[in-house]
Amino acid sequence: MNKSESTIDRRKFLSKSAAVIAGGTALAKTALSYGRIIGANDRISLCHVGNGSRGEDLDWIIAQLASKQNVEMTGVCDLWKMNREKAVAANQKYHGRAPRAFSHIEEVLAAPEIDAVILSTPDHAHAPLLKMAAEAGKDAYVEKPMGNVLEEAKAARDAVKKNNRIVQVGTQHRSEPHPRAAHDLVQTGVLGDVSKVEIVWNYHGPRWRGRPVSKQVREQDTNWRKFLLNKPYRPFDPQVYCEFRLYKEFSSGIPDQWMSHGIDLVHWFMKDSFPRSAVAHGGVYAWHDGRENADTFQALLEYPKGFLVSYSTSFGNDAPGFTRYMGKNATLFNIGGEGSPRYQLIEEKGNHEQDDSVDTKRKSQYVLLPGETELPPMGIDDRSLEHMANWFECMRSRQQPHATVDDGFAHSIACMMSTEAYWSGKRQYWDAKNEMIVDHPPSA
């Protein structure tokens, strides 16, 4: 039997099993679950849910990996007709045949030929759809933030674990070579005790406002109620639909989109995943265009190991960004904004406590990869290719990927705490025992 015949037989088997499952046969359920185990040489069948601008990037990434990783985009799913049609055309070009077009995720999850889903929907849908995918037995790649409503994030995490799904969260900097090298350096203890981490990432422009697609979408070409998902009904608004990151019911904006990356790296580097407390401030100071979420935002988070994290972003000035881990023995300095591959270690020499007159000599070195003799180019070191490849490899091995559902839950908590602190004006605390965000110190 050749490979194509084997694939057809497998999918026929799965389809028959699914039909029997609808009638409630336990034996068929077992057969279907075994049928979804992906062998080393089996082609992974993907469906991409949410085919907007980030979706286009992910489609291209998957196309670059298709041959080597033996994967194919066999389905695309978007509520909006225009996005669906664009995604079908793009993936037909990438893979040589048109993927099946779905309007709703429920249809995707009922399709036995789909092994896994990529979720790049609006922020408010990430956690609810991840929960649905896990309960349907699908592995998933979910964009960040993993969730922005606490109960939804917990439910998604629990469903992934209960159903033994392989989930990669889209905090792709964990898979990039320079952050990985910097992470390994920090684990040697070279920094000494770290007391503070500072993150400053800026941008000059009305971020997320003025997207051309907001003038193209029409209510009759999409499903507005499906878009709202768990949110209260409101009349159709094309700006909310396409520029959702500016509206607090659907996204926190800067925390969900930018801080999620920065705080995830802090959790990874410092091995401390949940803040003890958070305060935040900011406002709309630069772009008075009807947005609800801040265009200037700052948060300060305290961690159980005994250090502070300061996170700051302004959309009104593109001053150079940086991240620095400040230890007693050395500082790890990341030069540039989000995703910059340039890391510099600056070691402290001298004893300031005994004599302030001692001339402190600093020794610095850049974090380079094996074989590198020059600094990597500035800019975002976006190795989503490696992050996606890691997910595919883990789907086959059933090992955990670089950015697990637990990692996604942790960065979501930090961002939710900071967002709640911003809107409430009150310091927020993480009650680890009860997994709750509260505005008073939890009992011991």
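Structure values in brief
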quantity: Complete set of residues in region 182-197 that are under 26 Å from the mean Cα position of the chain (by Cα) and surrounded by fewer than 16 Cβ atoms within 10 Å (Cβ to Cβ); calculated: D184, Q187, K196
quantity: Elements of type strands (runs of 3 or more DSSP E) contained in region 81-190, each with 1 or more residues being within 23 Å of G408 (Cβ to Cβ); calculated: 116-119, 139-142, 167-169
quantity: Yes/no for S67 being among the polar types (S, T, N, Q), over 28 Å from V217 (Cα atoms) and modelled with pLDDT under 95; calculated: no
quantity: Residue within region 163-172 that is surrounded by fewer than 23 Cβ atoms within 10 Å (Cβ to Cβ) and of a type outside the set (D, E, K, R) present; calculated: yes
quantity: Wholly within region 193-287, helices (runs of 4 or more DSSP H) carrying at least 1 residues that are in contact with a helix residue (DSSP H, G or I) (Cβ under 8 Å, 6 or more places away or on another chain), modelled with pLDDT of 95 or more and not assigned by TED's automatic domain parsing to the domain that holds E348; calculated: 224-228, 238-242
quantity: Pair list, Cβ < 6 Å and 6+ apart or interchain, from region 37-59 residues that are within 11 Å of N83 (Cβ to Cβ) to residues that are assigned to a loop (DSSP other than H, G, I, E, B); calculated: G50/S120; G50/T121; N51/D78; G55/S120
quantity: Lone qualifier among A159, A181, A155 - being outside the structural domain of P122 (by TED's automatic domain parsing), of a type in the set (A, V, I, L, M, F, W, C) and under 30 Å from S397 (Cβ atoms); calculated: A181
quantity: Subset tally (residues that are surrounded by 22 or more Cβ atoms within 10 Å (Cβ to Cβ) and basic (K, R)) for region 152-162; calculated: 1
quantity: Unique residue being touching a residue at least 12 places away in the same chain (Cβ under 8 Å) and either farther than 19 Å from H411 by Cα or charged (D, E, K, R) (or both) when the list is F236, F250; calculated: F236
quantity: Odd one out for N317 among (1) at pLDDT 95 or above; (2) under 14 Å from V200 (Cα atoms); (3) under 25 Å from the mean Cα position of the chain (by Cα); calculated: (3)
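For every residue, the table says whether it meets (1) outside the structural domain of E72 (by TED's automatic domain parsing); (2) without any contact (Cβ under 8 Å) to a residue 24 or more places away in the chain; (3) under 30 Å from T296 (Cα atoms).
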| site | (1), (2), (3) |
| --- | --- |
| N390 | yes, no, no |
| A403 | yes, no, yes |
| G408 | yes, no, yes |
| H411 | yes, no, yes |
| Y422 | yes, no, yes |
| G425 | yes, yes, yes |
| D431 | yes, yes, yes |
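Conditions tested, residue by residue: (1) surrounded by 16 or more Cβ atoms within 10 Å (Cβ to Cβ); (2) part of a helix (DSSP H, G or I).
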site	(1), (2)
S364	no, no
G371	no, no
L375	no, no
M378	no, no
E386	yes, yes
F392	yes, yes
M395	yes, yes
Q399	no, no
A403	yes, no
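Yes/no matrix, rows are residues, columns are (1) buried (at least 16 other Cβ atoms within 10 Å of the Cβ); (2) in contact with a Leu (Cβ under 8 Å, 6 or more places away or on another chain); (3) more than 21 Å from P206 (Cβ to Cβ):
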{"position": "D272", "(1), (2), (3)": "yes, no, yes"}
{"position": "A278", "(1), (2), (3)": "yes, yes, yes"}
{"position": "Q298", "(1), (2), (3)": "yes, no, no"}
{"position": "F307", "(1), (2), (3)": "yes, no, yes"}
{"position": "K328", "(1), (2), (3)": "no, yes, yes"}
{"position": "N334", "(1), (2), (3)": "yes, no, yes"}
{"position": "E338", "(1), (2), (3)": "yes, no, no"}
{"position": "P341", "(1), (2), (3)": "yes, no, yes"}
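The values are calculated or read from the model by the stated rules, or taken from the named source; none is laboratory data. Source: prediction; values computed, not measured. Backbone-built Cβ (ideal geometry, glycine too); neighbour counts: all protein chains shown.
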